[in-house]
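To start, the structure itself, in structure tokens.
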Amino acid sequence: MPSMTTSKVSRWDQHGREHVVHVQKSGMQRALTCDTCGWRKATQFLPWLKAEEHLADAHQATVDPGAGTGAASGPGGR
Ligand SMILES: [Zn+2]
């Protein structure tokens, strides 16, 4: 099966660990599943936003790995 109906949102926490929420199309809704804790949620709108909220709330994972590391806090901790 092509994976065009599946996507994911990944964020890193302050320790540099990656947390991934998978977004799977399920009829009219999107089913969200968190790899880290098994959290699941079905939502009709803005699944990526819900995924980001979960990652931030449950795992303090707010670092977008695709956003570059120019900003203030990196895992360097010099
Ligand atoms: Zn989770």
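Throughout, read-outs are computed from the coordinates displayed, never taken from laboratory work. Source: prediction; values computed, not measured. Reconstructed Cβ throughout: ideal geometry from the backbone, glycine too, with neighbour counts over all protein chains shown.
General remarks:
- Here the label points at LEU46 and VAL20, each 7 Å from Cα along the C-beta direction, are separated by 2.6 nm in the simple model.
- The stretch 17-59 - percent relative contact order, Cα under 8 Å, separation 6 or more: 33
- Long-range HN-HN contacts of THR36 with modeled amide H, under 5 Å: VAL20
- The loop-placed chymotrypsin sites (Phe, Trp or Tyr not before Pro) in the stretch 1-53, going by DSSP, that have at most 14 neighbouring Cβ atoms within 10 Å of their Cβ come out as PHE45.
- The label point for MET28 and the one for THR62, both projected 7 Å from the Cα toward the Cβ, are 3.5 nm apart.
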